[in-house]
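Worksheet: one structure, shown below.
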Amino acid sequence: MLKLTINDKEIEVPRGTMLLDACQQAGADIPTFCYDPDLKLAGSCRMCVVEVQGRRNLQASCVTPCENNMIVDTESANVVEARKIILELLLARHKLNCMVCEKVGACKLQEYCYRYDVKESRFAGEAAHFTREDPNPFIERDYDKCIMCTRCVRACEGITGAQAINVKDRGHHAKISTIFDGKLADSSCVFCGQCIMVCPVGALTSKVSMGKGRPFEYEKVLTTCTYCGTGCMLELNVKDDTVVGVTSNRDAQLSPVNKGALCVKGRFGWDFIHYKDRLTTPLIRENGQLREASWDEALDYAANRLNAVKAQHGPDSIALFSSARVTNEENYLAQKMARVAIGTNNVDHCARL
Amino acid sequence: MTNTIEELEKDATVIFLIGTNTTENHPVIGYKIKKNVRENGAKLIVADPRRIELAEMADVFLQFRPGTDVALLNGIMNVIINEGLQDKDFIEKRTEAYEDMKQVVEKYTPEIVSAITAVPAEDIVKAARMYAAAEAGSLCYAMGITQHTTGTDNVKSCCNLALLTGNLGRPGTGVNPLRGQNNVQGACDMGALPVTYPAYQAVAVEANREKFEKAWGVKLPTAKGLMLTEAINAAYHGDVKALYCLGENPMISDPDSHHVEAALKKLDILIVQDIFLTETAQMADVVFPGVSWAEKEGTFTNTERRVQRVRKAVNSRGDARQDWQILSDMTTRLGYPNSYASPEEIFAEIRSLTPSYAGITYDRIEQTGLHWPCPTEEHPGTPILHTEKFSRGLGLFHAVEFKEAFELPDEEYPLILSTGRQLYHYHTRSMTRRAIALDTHRPENQVQVNQKTAAKLGILNGEKVRLTTRRGSIELKAQVTDILNEKLVFTFFHYGEAAANVLTQGEALDPIAGIPEYKVCAVRMEKII
Amino acid sequence: MAEEQRVLLKYADQIDPKIAEDYIKVGGYKGLEKARSMDRKALIEEVKKSGLRGRGGAGFNAGMKWSFVPILDEDRYVVCNFDEGEPGTYKDRIICEKNAQALLEGMAICGAAIASNHGYIYCRGEYPFVVETLKEGIQSAKASGALGDFNIEVRMGAGAYVCGEETALIESIEGHRGEPRFKPPFPGVAGLWAHPTVVNNVETFACLPYILTNGAEWFAGIGAAKYPGTKVLTLTGDVVNATYFEVPTDYNLRDVIYKLGGGVKGGKKLKAVQVGGTSGAFIPEQNLDTPIDFDSMSAIGASLGSGAVFVMDETRDIVDIVTRISKFFEHESCGKCNPCREGTWRCREIMEKINAGKAGQKDIDNLMILSRVMKNAALCGLGQAAPIPIDSTLQHFAYEYSCKLN
Ligand SMILES: Cc1cc2nc3c(=O)[nH]c(=O)nc-3n(C[C@H](O)[C@H](O)[C@H](O)COP(=O)(O)O)c2cc1C
Ligand code: SF4
Ligand code: SF4
Ligand code: SF4
């Protein structure tokens, strides 16, 4: 074990612990942009710098291994100055339109500016502009809000393995782009939206959710994805009794299969829920046409017809197709209905198709 | 799956994929496989008639002729046995009928198999050595294995291979079918099958029937039920007169759509319970509006047997009603009065009759889903099956001979057609066509065709073509590519507008599982001028 | 003391660097022979004892660096940093053009010390002709048997200054974007393809044969006690003899300029000297009587760096020069970390504003705070050092700035 003093508090950590974790253990809240516990470390945003006694420079705590007897100050004057200046540098090139930003309430830039009382940037001047329409229907890319944390790049590579995006160009002109700076649709992007999941600011957002609600307005309901058999967990974002988006939960307890990762269907395929032609009333065919009916009428009608068929041709002249789409509970009831109420084993579902 | 998804990322040292286009059909599983290969150096063997995405990063890629799975797997086993690479200890202690299998496999030398499958003999050898040498070899398959008249044989061959190499019962091993839809596993577990009650308790076994008769308080039918494809045929022949269809769209998903349509038209009554007026619902006599998964409580069981919660996020609209309530009401009206207060109450009944679910409660899976079998409330669930013994005791080898697919190309229909899925759509597209982004991105069907075949037929990328089989024809755009060979064309079954199942044959099915042969039928392709 | 002391360049223009035999005739490859006869640890001790410190800028003890390399069952690499991206610096090129075999021998000696057979030379993109020399030299050395089983591959740089930073250099050899990595882990532990890797400068390697043949004491006895040996300097700017020299490290700066360099051109007065390349501090006339060694330079807030000496006469406009330097850094920032990516951009912006006479005291204040944060918080040496020219001129030439404020 290593002994450290962090903000006058003595703690012990196992060898190999990074300073960031040690600081957190000591109760210090360290701001980070590029750090993500599930991704390759970058050590590049420099927001997590802390002052370590005896070291010439401030240390980026996310990539600094703890050493015995380190004395650390996580909010020293130098540290606070560095963080403020970094925030001001980022603001100086940021398309600041929080009023209409999809990320409001969950934006780290906003959060830290508030925390460090950064109201405006003393470095306001010229800045490179990258905004360009990407015609895909899934991901809105507004790189004038990008803070170059490269989490999206690392998630694309490290979680999805798509390697669709990377940093292109250098210095202030560095930006996130596909290999030939083209459209996502022409790259190896699979539109899983893992980049949106990790983006700490409003640079990457979902086009499907656009304008429908911001993080602080919606409630998240954890559920299992309705598409393939992988069984990813996802969060339905609900505002005013309406699903307005899908986010994911990266906690391995809550999201054991996918740990937040989703595919394009899981993340962007939710809007059928409120699609305009959803069935909202029972229908009965009359004179060749389907017409609306009450539940009692429809249920009675269906039951009577089934009973009649059963009476005339026997229970095995009736078949029931259950569904791989519905719940266990419903499948159970469906097969039970076939067996106990109709009296047939003619029950199956589309497992084979 | 005998094993878990996570093991594909963490534990498997060799992953053998056959008949699964994992990155498109189980994307998140695909990510994990990629990660294991890239970051941990796991070896990857991909066997598929198309050069799918994962083939690009495979150590061995076996591009075999569709429908020759048994031959290919027998060939691999032939090499393993001849080179003495089998797990002798495992075979001795945990399996039986090894000799029977060995006898059959002996004939399948790499050279002979190469002639059948069009895979170079040395690749068969390479794959065999790689998989056999695996510390932990995981075999995964999907519909590419099952959707054949020999589907059951194909599955047996996969099991043979795993048994032969002792790749079962340990982390990172297993025979792992990747199930296509969110709750296929659960639907099967719940006994939505003609021959089993919940938890695969066979209808034919009297003790089982008695158990359920006692629990449900009625006499239960003894006659073997009809499988879905059989039921459609029976309807066509007038033996089935009524069909209750819950969240299914056989008009698009079942083989030979014209035949399906004719069959459904002959019914006295068709009842459809769904959330949209699907192609099938449009033919119904009664339509019940159910609710989507976002509007209901319940559980799904994923492909790794993990039972997880589905939670209601929003209220349903209009008069739509909870599906469980509709079923319960119908059951009552059909003469079996019943009532439940909630899905949780139904789940309690399930537990009481389904030993593998007995230990699972909503409370226990509030945070993290559990893997069945989970027999008691103290049981932690079973991520890995068959660690000490198989459900039947010893693992049974099957002697499986290769059989050709039912309908092979000929002069009139010179190409093989395979159908399958793609990343951006789901099943019959009833949901994803209404997911605007997905449908905008992939609005219409395409057929993948090799560039040489296309050139011969004078077809350019994106041009309209007609596909014709003995059953019908559809028109769609050609996607000229080199991921499949000159004899094969591939299309997606999602699209009602150019429905691939107009083309497929439903006449010959797998004799045991009743699965249609979606991966092989004979087709003709022509340019539309 | 006004003489050069040539060790590395002793046979300059007398031997052909491409031909191993030439070098062998003047005693070459004896050092390697000796190194190979020694125990690995003793060899590292010998190098440590010589006091040889890195000539690439950071001045780290070479033997010490090697001693950190873990010898486990994996490949290890010897990498020569020949990126030489500092404007005004060309000493590595001179060493290669005059005595490439010494570099090769030095790398092989390092190979012997860390039990490695793989060497890479990462050569500046603008030096294609030197690459040819090196390749032929390697071929000749291999053919002569002098290198034994030590192999050396030459890789061309991509023309980015930051690729001279050792971890960016490694990324570049690996085929990635030339961006620095965070340290630790240091290359010695996890470098090229995550294997232990020693990165040293050309000049550092080239010293090794002489240390081995003449002994560590001999080397330690030359020049400054704490930074012994000789140093190849390159003189540029307003100086009469704008050329290169090899001097013992206790040579002082005034002598470099006035004795070897022949003084300021046109008999003008000297305004400032920038030592160590673009990121070096500006040294005013009153500090000229300082030995050039690493520590003495540090003591006056400057750095020896690569050994470039840029002389500015009285007519030079300091603010204008610093503005141009700030443009250089803005251009060369790789863009990975926030303080440097945005900081170099804003430094340039503010410097241009000052230079154009449009700035006020507020801008100077902003510049100072920005400098401090860059030094404190940038990821690599580029961002940390970029503000040094600004800082040192604000300190020593404040008047020139104030003249331009409005
Ligand atoms: C921005 C930057 C550029 C550098 N350029 C060079 C260079 O061109 N040549 C060099 O030898 N070292 C350069 N270095 C120093 C190297 O990172 C490293 O310290 C050196 O190669 C180690 O060799 P040495 O110990 O022999 O000096 C540079 C450092 C930085 C931060
Ligand atoms: S787009 Fe978002 S995640 Fe990607 S680098 Fe920019 S800020 Fe980071
Ligand atoms: S998010 Fe994608 S991979 Fe995950 S369950 Fe849903 S459809 Fe399958
Ligand atoms: S200091 Fe500059 S050059 Fe170095 S990593 Fe940061 S951005 Fe790149």
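The values are calculated or read from the model by the stated rules, or taken from the named source; none is laboratory data. In this text the structure is predicted, and so the values were computed from the model without any measurement. With ideal geometry, Cβ positions are generated from the backbone for all residues, glycine too; neighbour counts draw on all protein chains shown.
The sole residue among B:THR368, B:THR331 that is modelled with pLDDT of 95 or more, crowded, with 20+ Cβ neighbours inside 10 Å, hydroxyl-bearing (Ser, Thr, Tyr) and more than 16 Å from B:GLY186 (Cα to Cα) is B:THR331.
In the condition set (1) more than 30 Å from B:GLY172 (Cβ to Cβ); (2) at the interface with chain A (Cβ under 9 Å from one of its Cβ atoms), B:SER352 is compliant with all but (2). Applying the criterion of being over 15 Å from B:ARG321 (Cα atoms) and among the basic types (Lys, Arg) to the residues of the range A:269-298, the residue that is nearest to the other protein chains (Cβ to nearest Cβ) is A:ARG285. With respect to the conditions (1) crowded, with 22+ Cβ neighbours inside 10 Å; (2) of a type in the set (Gly, Ala, Ser); (3) under 30 Å from A:LEU236 (Cα atoms), B:ALA341 falls short on a single one, namely (1). The residues listed here are C:THR393, C:THR290; of these, the one that is surrounded by fewer than 24 Cβ atoms within 10 Å (Cβ to Cβ), under 23 Å from C:GLY54 (Cβ atoms) and β-branched (Val, Ile, Thr) is C:THR290. Of all the residues in the range C:306-343, those that are within 16 Å of ligand 4 (Cβ to nearest atom) and under 21 Å from C:GLU285 (Cα atoms) number 1.
Applying a threshold of 8 Å to beta carbon distances and a minimum spacing of six or more residues, or different chains, the list of pairs starting in the range C:282-302 at a residue that is at positive phi and ending at one that is not polar (S, T, N, Q) reads C:GLY301/C:ALA281. Filtering the range B:184-200 to residues that are surrounded by 20 or more Cβ atoms within 10 Å (Cβ to Cβ) and in contact with a helix residue (DSSP H, G or I) (Cβ under 7 Å, 6 or more places away or on another chain) leaves B:VAL184, B:GLY186, B:ALA187, B:CYS188, B:ASP189, B:MET190, B:GLY191, B:ALA192, B:TYR197, B:PRO198. Determine, yes or no, whether B:ALA134 is without any contact (Cβ under 8 Å) to a residue 60 or more places away in the chain, out of contact with any Phe, Trp or Tyr (no Cβ under 7 Å at 6 or more places or on another chain) and either in a loop (DSSP other than H, G, I, E, B) or of a type outside the set (Lys, Arg) (or both). Against the criterion (without any contact (Cβ under 8 Å) to a residue 60 or more places away in the chain, out of contact with any Phe, Trp or Tyr (no Cβ under 7 Å at 6 or more places or on another chain) and either in a loop (DSSP other than H, G, I, E, B) or of a type outside the set (Lys, Arg) (or both)), B:ALA134 does not qualify. Hey, can you tell me all the residues within the range A:234-259 that are buried (at least 23 other Cβ atoms within 10 Å of the Cβ), more than 7 Å from every other protein chain (Cβ to nearest Cβ) and under 20 Å from A:VAL190 (Cα atoms)? Within the range A:234-259, A:LEU234, A:GLY245, A:VAL246, A:SER248 qualify. Whenever a residue of the range C:332-347 is closer than 16 Å to A:VAL167 by Cβ, its partners that are within 16 Å of ligand 2 (Cβ to nearest atom) and among the hydroxyl-bearing types (Ser, Thr, Tyr), lying with C-beta atoms within less than 6 angstrom and at least six residues away or across chains, give the pairs C:LYS336/A:SER44; C:CYS337/A:SER44.
Yes or no: A:ARG93 surrounded by 17 or more Cβ atoms within 10 Å (Cβ to Cβ) and either closer than 25 Å to C:ASP363 by Cα or at pLDDT 95 or above (or both)? When the stated conditions are applied, A:ARG93 passes them. Failed condition for B:LEU476, given (1) of a type outside the set (Val, Ile, Thr); (2) outside any helix (DSSP H, G or I); (3) without any contact (Cβ under 8 Å) to a residue 24 or more places away in the chain, with all others met? For B:LEU476, the failing item is (3). Taking the range A:126-164 as the range and being within 14 Å of chain B (Cβ to nearest Cβ), touching a residue at least 60 places away in the same chain (Cβ under 8 Å), more than 20 Å from C:CYS334 (Cβ to Cβ) and within 14 Å of ligand 2 (Cβ to nearest atom) as the test, the residues that pass are A:ILE139, A:GLU140, A:ALA155, A:GLY158, A:ILE159, A:THR160. Here's a check for you: in the range B:26-52, which residue that is under 22 Å from A:GLY260 (Cβ atoms) and either charged (D, E, K, R) or at pLDDT below 95 (or both) is surrounded by the most Cβ atoms within 10 Å (Cβ to Cβ)? Taking the candidates together, the pick is B:LYS32. When the residues of the range C:348-387 are filtered to those that are assigned to a loop (DSSP other than H, G, I, E, B) and in contact with a helix residue (DSSP H, G or I) (Cβ under 6 Å, 6 or more places away or on another chain), the one that is nearest to ligand 3 (Cβ to nearest atom) is C:ALA378. When C:GLY51, C:GLY27 are screened for being surrounded by fewer than 22 Cβ atoms within 10 Å (Cβ to Cβ), at positive phi and not assigned by TED's automatic domain parsing to the domain that holds C:LEU260, only C:GLY27 passes. Scanning the range C:260-281 for residues that are under 16 Å from C:LEU235 (Cβ atoms) and under 18 Å from the mean Cα position of the chain (by Cα) yields a total of 7.
Hey, could you check the range B:509-529 for residues that are in a loop (DSSP other than H, G, I, E, B) and hydrophobic (A, V, I, L, M, F, W, C) and say which is surrounded by the most Cβ atoms within 10 Å (Cβ to Cβ)? Among those residues, the one meeting the criterion is B:VAL520. Just one of the listed residues (B:ALA207, B:ALA199, B:ALA192) is within 19 Å of A:SER323 (Cα to Cα) and more than 7 Å from every other protein chain (Cβ to nearest Cβ), and it is B:ALA199. Being among the basic types (Lys, Arg) and within 25 Å of the chain's Cα centre (by Cα) is a condition met by no residue of the range B:443-460. Checking C:GLU349, C:GLU400, C:GLU314 one by one, the residue that is at the interface with another protein chain (Cβ under 7 Å from one of its Cβ atoms), surrounded by fewer than 24 Cβ atoms within 10 Å (Cβ to Cβ) and more than 16 Å from ligand 1 (Cβ to nearest atom) is C:GLU349 and no other. The set of residues from the range A:302-315 being in contact with a strand residue (DSSP E or B) (Cβ under 6 Å, 6 or more places away or on another chain) and free of Cβ contacts under 8 Å to residues at least 24 places away in the same chain comprises A:ALA302, A:ARG305, A:VAL309. Among the residues of the range C:352-390, those identified as more than 14 Å from every other protein chain (Cβ to nearest Cβ) and surrounded by 17 or more Cβ atoms within 10 Å (Cβ to Cβ) are C:ASN355, C:PRO389, C:ILE390.
Only one entry of C:ARG124, C:ARG177 meets the criterion of being among the basic types (Lys, Arg), within 19 Å of the chain's Cα centre (by Cα) and within 16 Å of ligand 1 (Cβ to nearest atom), and that entry is C:ARG124. Selection over the range A:44-72 of residues that are within 16 Å of ligand 2 (Cβ to nearest atom) and surrounded by fewer than 22 Cβ atoms within 10 Å (Cβ to Cβ) gives a count of 0. Within the range A:208-226, residues that are in contact (Cβ under 8 Å) with a residue 24 or more places away in the chain and more than 9 Å from every other protein chain (Cβ to nearest Cβ) reach partners that are away from ligand 4 (no atom under 16 Å from the Cβ) and β-branched (Val, Ile, Thr) with beta carbons closer than 6 Å, at six or more positions or on different chains, in the pairs A:SER209/A:VAL244; A:LYS212/A:VAL244; A:GLY213/A:VAL244; A:ARG214/A:VAL104; A:TYR218/A:VAL238; A:TYR218/A:VAL244.
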